[in-house]
Structures are given as structure tokens and as C-alpha cells.
Amino acid sequence: MESVRGLRKFIRSKTFTLIILVIIIWAFFTIVSGGAFIKLINIRNILNSMVVTSFLTVGAVFLMICGYIDLSTSMIGSMSGVVVAIFLTNLGLPWVLAVLLALAMSGVIGLFNAFLINGFHFQPFIATMAISSVVQGLTMVTCGVTAIPITEPLMVKIGTARIADAVPYTIIASLAVISIYGFILSKTNFGKNIYMIGGNPRAARLSGLNPSRTSYILFLNNALLGGFGGILLSFRLKAGVVGSVANSQFAGMTGAILGGVSFGGGSGGMGGAFVGMLLLNGFNNGLTVMGVPPYWQTFASGALLLIALSFDYLAMKKTGRTNPF
Amino acid sequence: MSEVLEFCNVGKSFPGVRALDGISFTARAGRVVALLGENGAGKSTLLKILSGDLRADEGDIMINNEKCTFNAPFDSIKSGVSVIYQERQLVSSMSVIENIYSGDLPCDKFGFINKREMHRTTQDIIDKFGLPIQPGELVGRLSVAYQQMVEIMKAYRRNSKIIAFDEPTAALTDAEVDILFRLIRQLRDDGKIVIYVSHRLAEIFQVTDEIVVLKDGRHVKTLVTQETNEQELITAMVGRDIGDTYKNLSRNDKYGEVVLEVNNLVTDAVHDVSFKLRAGEVVGFAGLVGAGRTEVMRAIFGADPVLSGEIKLGGTVTEFKSPKDAIDCGIALCPEDRKEDGLVLFRSILDNICLPVFHKMKKGIVLDIDKQNKLAISAVNRYSIKTPTVDKTVMELSGGNQQKVILGRWTSELIDTKVLILDEPTKGIDVGTKAEVYQMVCDFAKQGIGVIFISSELTEVINVADTIIVMHNGHITGTVGREHATEESVLALAMLD
């Protein structure tokens, strides 16, 4: 009985519609590319392209559902990737220390974001936009625009090693992070609090929840994940590069919104965000496989988002809710 | 020529609800027509159709025998209709002049805005209505009442033939209501058609000429104000007699220990407030809007900072840094503004009922869904909340059922509420449900809960509460027992300076 109800709910959900859409799009590219698209090696490419994005998206999904946004994540990631290279190569620190220091720096910035928003009541959009520039500027002042190479064999191996010569560890790590955070969001008390605070922070506070503490945790968490994504990317690129993570953040947010995470807070979920990323990355990869110039990918991600939002609007209108945003 | 507005067989459906069904009536120039009905009777829907915000599914609106099609508010304004909503549609960072002219600025031959003319006309209108407002004043700095006057002047400036008011007195003091009524009569005497929507019967008798009674989307009857009385109106609205509501309440008469004691409480908005609440007692807080009652409660609840004074709970002095501390000690607050402060509107009934106790429903590290369901269903049954399932969003519920969800939240098995603060629990609730809420208040008291009952409706507060504390301007001006309280005596205290 309960499971039937759950199934029916799932079939009506947006995530289900998106899965169908992913299947259609993937089938389309498979046919058009003469089967090249669906080959394991290409699926691996798609998942590989999602690794860094996943780390940034997971943190962003938590923040967005709670009604916040952090525009500085990509710059925190870049900074973290650059400083880890400096610590390793220029200063010769042991790798554990280098990674922990880079993460600590990311975490401090995340906490500072939360402090600006809670202490000074800055709009999250504006506070994190400013921090984004500050962090980017400081990173560039420190190392210029040159890439700082990473030669430490273990690090390079972490970035590129594969299980059984097939599946990169980084893919496993990203899938694990998505699953764990998805579980926290949908099953635990903390996850429920995030939804309720995002839905109405004033009501949540008057019911004994602590929106300000929650936002500190989420901004810290988001910065740590962003920092970790940046470090991972540096290992893969074998160098710390300023701005390396820049595109991942918006790709991630686009995927999350595609997957039904509401910008205003209170709704959406990790499953939807993951399918949204699959949709977006599959689409972009399909275009590449077909030999479409990469500029069209940028166009396509915007167009996909507009189409998805239009469908949302029409669906809401049909059920009589005239103001979906 | 005198203007006529006719509704002919207007109908409107929402998914699952027939909001309006064959509404027909006529409003004439120089008459104030009241639209009266319980919540959900269709008054707001009808106004929204008149303003072009919604489209009717069937039927027509005729102005001077001419059929009007309103696709958007713009069309309706062009046909001479102005609707003044509860939520003001003004730009608070702009001046009175700019608001009165918004959307329709007069330009000179070069296309520049003619400020001098705007200023002059605005001053003329202000003088006509005899209001103490400066044309250049920022609207945000005016009181709620005067903002409403600005809306009326805006409608007048547009030369609207039809002016409709949606519960205009909800946030006004008595003195302000008098000014509003003077303006409404002035509009009527100018030959406008005035439509007046309100819950408050007393006002309807003061200011209207005819009353159109709606019930469940249907037009029950039209009455001439001078030829009817309150009893007849209530019977028409609810279809039954509720005159004995208060007499039939089954009250608690056994009080226990003092559960809450407040001594010399001072906050930004409150001065030197002291009172005691015993277990099983209902203490009413009466006063005008803005008297500081809500602020006292927010301070007790840990939502706003306390500057000085002490709060004792069960004999021990406490200091709450946040609502969470207060909740942990057994205080619960049902806020006045249900939508802003009480509910997470687009989450489910279940989520809203379980909100403060999710952390008590863990099974290992995950939340126990069965427990949540049980808790929510038991609240839905106890308060007979009208819904097919607990998964429905609270946004889809009526005001009364939303209030019951909040009551369910604070009286669940997992919460040990000792002090229940109800801030305007019957605001925006229909007459039938109000009676239910009164009985619930008495039932809470019988369970040994100390209840604080804030209300701006005098009749209700002096009839439901055991002790009535009256506030004015942040001070307590008097305390009266129910047996001695009359509307006159309480009102005198509420307006004391």
C-alpha cells in the first residue's frame, strides 16, 4: 500500500519526467552517432565530466534548498586547487598537510560568507559575489596566471587512477558523495530542517529550528566540497590553474535547477539534481560526439534551462497555481 | 446619468472547488453595497474577477448595460474600476504624488513629466478629503491608515466609477476607521459605486446601504441595511444560529499553580509589563492593534530580546536566548501572521505538524516516517482538519484548517506544552470555525495548560478569557475578570492615555 503510493508519487514527480527525457536524449544521440554515444567509454566520459561539477553541485543544492546561494564556490575551488599546488611544489609540504591546509582555507572562507550573511544581514547573492572577486583576486596576486605544476606521483595517481583499469576513482568518489548527501537530505532530521528553513525561515525559527546555525554549517560544507573539487581537478590536470573550476559551478547550478531544485528554497532533491546533471552533461557530450562546435554547448545549456522552466510554468498553470515563482 | 454595475450569472471554478456559482446582483451609484460571507464564500474571488485579476468561467460583468471583458487589471482600471486590497499596492519609497499618479503620469508637450500639475492636483484631492498629508511625503512613512487613504485618492484621481474595498479596516484603529468611513460616504455622495467587503458586522451597519450575502459561492440574499439586524445576517451567512456560542462553552474552573510569571518586562516596544498565568487559566490580552501584545509574547518566547525584567516559569527564573529554549521549557506560540510566521506553506500538513518535533522521531540516524504519519493523522482527526491526506500542502487549506494545523503542532503527544500563547487565533477564520476554536481554547485549559489568548475582537476576548489584561501603547492599563468585563470598560482601558 505504502509502496504503491510511493511509486505513484514517483511517477508523477519531476524526476521521473526527467529520467524519461534523459533516456530519449541519450537514445537520440545513440542513433545519430551510430552507437558511439552509448559505448562504455563514452558513458565514462560523461561521468568523468561530472566529477568536479558534482562536488560543487552537492553543496549548492543544500544551500539552495535552504534558501541561500553561494556564488563564490568556484573561486574557492580554484583557490584551493592553486594553493595545494603551491604547498606541494613550491613549499614541499607533505601531501596530507597540503590538502588539509587548502581545505582549511576553503572552510574559513565559507564561514566568513555565513558570517557576512548572518552578522551583517547581507543578501547571500551580493555577499558571495563580492567574496568571489576577493578570492579570485587574491589567488591571482599570489600566483599570477601561470599554472603551478604538480609532480608528486601519488597525487597525479589519485587524479587519474582507475579501478580495474576502467572506472576512475574520482567517478566513484563523486557518486559516493552524491549518494551520501542525498541520503542526508531525504532521510535525516538535518535534511528535513533544511527544507523547512528554506520553506519559511521565520516559521522554522519560531518552531525551534536554528536557521543561522544551519546556514553556517551549509556554507562551511559547501566551501569544503568546493575546495575538495578544486583539489581533485588540480590533481587531474597535474597543475593548479586559476579559474579552473569556473564553469563547473554554473553547470552544476543549471543541472540542479533543471532537476527541480527551486531557487527560492524549500523544494527539490539530490536525485533530481543528479538526473539534471546527467541530462545536461549527456546533451553536451552528445553534441561533442556529433562534432558540433563547443560554443553550441554553452547555448544548449541555457536553452535547456529555459525549456525546463517553461514546462514547469505550464504544469503549474494547469493545476491552477498561477504564480510558480 | 447614474452608473450601474451588474453581475450576471458569474461563475468560477478552481480544480475541485466551485468558487462562484451563478452570482447575480446590481450595484447602483450613490449606494454602498456590502459583500458579506464567511471565509471561502467567494467574496475575494468575486473582487478578483471585478479587478481583472481572474477571469470568470461564465457570466458577464455589465457596466451601464455594456458588457465588459477584463483580461488583465489594466482593462478593468480603464473601465473605471478600482479595487483597494488589504495588501496595499503602493510603492513605499515614492511620494504620495507619484503613487497617486503611478502608471499614468501627465506629460507636457515635450514628453517631460509635469510635476507642477501633479503637485497641484494632489493637493486639491487631499484638501477635498480633508486629510493631514503632504503631497511630497514618502508613502512608506505614512501610517497604514493613511496609506489606505492614498489608495482611495489614487482611485479618485483616476476618476473611477466603481471603487471596491477588500476588508479595509483589518489593520486600522477606531479613529482611523472613522476617517475611512467619512471618505467612503464622501465617495458615495459623489455618485460612485462603492463595494465594501468585510467580516465585521458592526462596520457594515455603519457604512453600507445594501448587503449582498454570499455562502459557498452562491448568492444567498440581498438585504437593505436599515431593515435588517445582526442576528438575521449571521443566520444568512452560516445558515444557523450562533448566538449562544459563548454561553455553551464548556469551561475549566479549576486552576493550578502559577506556571508563568512576568515581572517588569521591558523591550523595545513594551514597558514594565507584569502578569501571572495559572495552569488551566485562560488569560486574554485585549487592546488595539499595535498595543504591544504581540511584542510581549515574542519576548517571553525568546524571539525578541528582553532589555530588563524577569520571566519565571514554574517558579524558576528563566532566560530564553531563542524560541528553541522556550519550546524546550514547554512554551508554545501560535503567531498572528499564520502565513509569514507560522506555516511553511508549500510543505505538507505532516511536515507542518511535525516541525518542532522532527528531532524526537529518529530511528537510528534516519527519520521514522511511520511515527510522523501517526502523529500527523492523530492531529488531523483530533481537530477534524478537512483533508483527504496528510501529504496535502497547507497552502491548499482554508484559514481555519491552517490554524488547526498549527494548534495540532503544539499539542501533539511529543510536546509537553505548559503555556500556550494564541495570538489572534480567529483572525481570518469563518464564524463556524471560530466557535470551534473557542471550545478548543477551553479544552486546552481543562488539560491544565495555561492559555494566553490575544484578540482584537472585544466580544470574543471578554467572553472566552477568564481574566482580561488590557494593553495600550506598550503598557498594561488594566486587568479585569470575565464577570466584570464589559465591552465598554475594556475599550475605555484600551484607549486610555
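Per-residue answers, yes or no, for (1) part of a helix (DSSP H, G or I); (2) in contact (Cβ under 8 Å) with a residue 60 or more places away in the chain; (3) under 23 Å from the mean Cα position of the chain (by Cα):
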{"residue": "B:Glu151", "(1), (2), (3)": "yes, yes, yes"}
{"residue": "B:Tyr156", "(1), (2), (3)": "yes, no, no"}
{"residue": "B:Asn159", "(1), (2), (3)": "no, yes, no"}
{"residue": "B:Ala164", "(1), (2), (3)": "no, yes, yes"}
{"residue": "B:Leu172", "(1), (2), (3)": "no, yes, yes"}
{"residue": "B:Gly191", "(1), (2), (3)": "no, yes, no"}
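In the stretch A:193-203, what count of residues is obtained for those that are closer than 14 Å to B:Lys339 by Cβ and more than 7 Å from chain B (Cβ to nearest Cβ)? Before you say what the answer is, go through the steps one by one.
Filtering the stretch A:193-203 down to residues closer than 14 Å to B:Lys339 by Cβ leaves A:199-203.
From what's left, more than 7 Å from chain B (Cβ to nearest Cβ): A:201.
Residues in the stretch A:193-203 being closer than 14 Å to B:Lys339 by Cβ and more than 7 Å from chain B (Cβ to nearest Cβ): 1 in total.
Results for (1) closer than 25 Å to B:Thr477 by Cα; (2) touching a Leu at 6+ places or on another chain (Cβ under 6 Å), shown as yes or no for each residue.
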site	(1), (2)
B:Val273	yes, yes
B:Arg278	yes, no
B:Val282	yes, no
B:Arg298	yes, no
B:Lys312	yes, no
B:Asp325	no, no
B:Asp341	no, yes
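Scanning the stretch B:388-402 for residues that are of a type outside the set (Gly, Ala, Ser), surrounded by 20 or more Cβ atoms within 10 Å (Cβ to Cβ) and touching a residue at least 40 places away in the same chain (Cβ under 8 Å) turns up B:Val390, B:Val394, B:Leu397, B:Gln402. Of all residues in the stretch A:242-253, exactly one satisfies the criterion of being closer than 15 Å to A:Thr170 by Cβ, of a type in the set (Gly, Ala, Ser) and crowded, with 24+ Cβ neighbours inside 10 Å, namely A:Ser248. A residue that is in contact with a Leu (Cβ under 6 Å, 6 or more places away or on another chain) and either among the charged types (D, E, K, R) or at pLDDT 95 or above (or both) cannot be found anywhere in the stretch B:284-296. So, of the residues in the stretch B:335-349 that are surrounded by fewer than 23 Cβ atoms within 10 Å (Cβ to Cβ) and either at pLDDT 95 or above or more than 8 Å from chain A (Cβ to nearest Cβ) (or both), which turns out to be farthest from A:Ile197 (Cα to Cα)? The qualifying residue farthest from A:Ile197 (Cα to Cα) is B:Glu336. What about B:Phe301, is it surrounded by 20 or more Cβ atoms within 10 Å (Cβ to Cβ) and either more than 25 Å from the chain's Cα centre (by Cα) or of a type outside the set (Ser, Thr, Tyr) (or both)? Answer is yes for this residue. Condition first: over 15 Å from the mean Cα position of the chain (by Cα) and farther than 30 Å from A:Asn189 by Cβ. Can you find one or more residues in the stretch A:62-75 that meet it? No, the conditions are met nowhere in the stretch A:62-75.
Check every one of the strands (runs of 3 or more DSSP E) wholly within the stretch B:36-119 and list those with 1 or more residues that are of a type outside the set (Ser, Thr, Tyr), within 22 Å of the chain's Cα centre (by Cα) and within 30 Å of B:Gln231 (Cα to Cα). Walk me through how you get there before you give the answer.
Numbers: elements: B:58-63, B:66-68, B:81-84.
By residue number, B:81-84.
The residue list A:Thr128, A:Thr142, A:Thr146 contains one member that is of a type in the set (Ser, Thr, Tyr) and not in a helix (DSSP H, G or I), which is A:Thr146. Of all positions in the stretch A:247-254, none carries a residue that is touching a Leu at 6+ places or on another chain (Cβ under 8 Å), within 14 Å of another protein chain (Cβ to nearest Cβ) and either closer than 11 Å to A:Val61 by Cα or part of a loop (DSSP other than H, G, I, E, B) (or both). Among the residues of the stretch B:202-224, those that are in a helix (DSSP H, G or I) and surrounded by 18 or more Cβ atoms within 10 Å (Cβ to Cβ) comprise B:Glu203, B:Ile204, B:Val207.
Of the residues making up the stretch B:323-334, those that are surrounded by fewer than 20 Cβ atoms within 10 Å (Cβ to Cβ) and among the aliphatic types (A, V, I, L, M) number 0. Are any residues in the stretch B:371-387 part of a helix (DSSP H, G or I), crowded, with 17+ Cβ neighbours inside 10 Å and among the β-branched types (Val, Ile, Thr), and if so, which ones? Selection gives B:Val380 alone. Starting from residues that are modelled with pLDDT of 95 or more and surrounded by fewer than 21 Cβ atoms within 10 Å (Cβ to Cβ), keep the ones in the stretch A:213-241 and report whichever is nearest to the other protein chains (Cβ to nearest Cβ). Step by step, filter the stretch A:213-241, then rank; the result is A:Arg213.
Please determine whether any residue of the stretch B:315-322 is in contact (Cβ under 8 Å) with a residue 12 or more places away in the chain, surrounded by 17 or more Cβ atoms within 10 Å (Cβ to Cβ) and within 9 Å of chain A (Cβ to nearest Cβ). Quick ask: steps written out before the conclusion?
Looking only at the stretch B:315-322, we keep the residues that are in contact (Cβ under 8 Å) with a residue 12 or more places away in the chain, and these are B:315, B:319-322.
Narrowing the set further to residues that are surrounded by 17 or more Cβ atoms within 10 Å (Cβ to Cβ) leaves B:320, B:322.
Next, only the ones that are within 9 Å of chain A (Cβ to nearest Cβ) stay: B:322.
For the stretch B:315-322, residues in contact (Cβ under 8 Å) with a residue 12 or more places away in the chain, surrounded by 17 or more Cβ atoms within 10 Å (Cβ to Cβ) and within 9 Å of chain A (Cβ to nearest Cβ): present.
Specify which of the listed residues (A:Asn118, A:Asn113, A:Asn90) is more than 27 Å from A:Ile46 (Cα to Cα) and touching an Asp or Glu at 6+ places or on another chain (Cβ under 8 Å). Write out each step before concluding.
Working: A:Asn118 fails: touching an Asp or Glu at 6+ places or on another chain (Cβ under 8 Å); A:Asn90 fails: touching an Asp or Glu at 6+ places or on another chain (Cβ under 8 Å).
Result: A:Asn113 is the single residue among A:Asn118, A:Asn113, A:Asn90 that is more than 27 Å from A:Ile46 (Cα to Cα) and touching an Asp or Glu at 6+ places or on another chain (Cβ under 8 Å).
Scanning the stretch A:31-69 for residues that are at negative phi and in a loop (DSSP other than H, G, I, E, B) turns up A:Ser33, A:Ala36, A:Phe37, A:Ile38, A:Lys39, A:Met50, A:Cys66, A:Tyr68, A:Ile69.
Evaluation of B:Lys78 against the conditions (1) buried (at least 17 other Cβ atoms within 10 Å of the Cβ); (2) at pLDDT 85 or above shows that the sole unmet condition is (1). Only one of the numbered conditions (1) within 25 Å of B:Thr173 (Cα to Cα); (2) at pLDDT below 85; (3) exposed (fewer than 12 other Cβ atoms within 10 Å of the Cβ) is not met by B:Ser92, and that is (3).
When the residues of the stretch B:354-398 are narrowed to those that are aliphatic (A, V, I, L, M) and more than 27 Å from the chain's Cα centre (by Cα), which ends up nearest to the other protein chains (Cβ to nearest Cβ)? Reasoning before the result, please.
To start, the set of residues in the stretch B:354-398 that are aliphatic (A, V, I, L, M) comprises B:355, B:357, B:361, B:365-367, B:369, B:375-377, B:379-380, B:385, B:390, B:394-395, B:397.
Still in the list and also more than 27 Å from the chain's Cα centre (by Cα): B:357, B:361, B:365-367, B:369, B:375, B:377.
Working: B:Val357: 9, B:Met361: 8, B:Ile365: 6, B:Val366: 4, B:Leu367: 6, B:Ile369: 9, B:Leu375: 14, B:Ile377: 13 Å.
By that ranking, first place goes to B:Val366.
Taking (1) assigned to a helix (DSSP H, G or I); (2) of a type in the set (Val, Ile, Thr); (3) in contact with an Asp or Glu (Cβ under 7 Å, 6 or more places away or on another chain); (4) surrounded by 18 or more Cβ atoms within 10 Å (Cβ to Cβ) in turn, B:Val405 satisfies each apart from (3). The set of residues in the stretch B:408-448 that are assigned to a loop (DSSP other than H, G, I, E, B), at pLDDT 90 or above and under 27 Å from B:Phe275 (Cα atoms) comprises B:Thr411, B:Ile415, B:Asp416, B:Thr417, B:Lys418, B:Glu424, B:Pro425, B:Gln447, B:Gly448. For the stretch A:178-192, the candidate set comprises residues that are away from chain B (no Cβ under 12 Å) and surrounded by fewer than 20 Cβ atoms within 10 Å (Cβ to Cβ); within that set, the residue that is nearest to A:Val51 (Cα to Cα) is A:Ser179. B:Asp325 falls short on exactly one of the conditions (1) more than 10 Å from every other protein chain (Cβ to nearest Cβ); (2) over 28 Å from B:Ala170 (Cα atoms); (3) of a type in the set (Asp, Glu), and that condition is (1).
The values are calculated or read from the model by the stated rules, or taken from the named source; none is laboratory data. Just so it is clear, the structure is predicted and the values come from calculations on it, not from any experiment. When we count neighbours, we look across all protein chains shown, and the Cβ atoms used for this are built from the backbone with ideal geometry, even at glycine.
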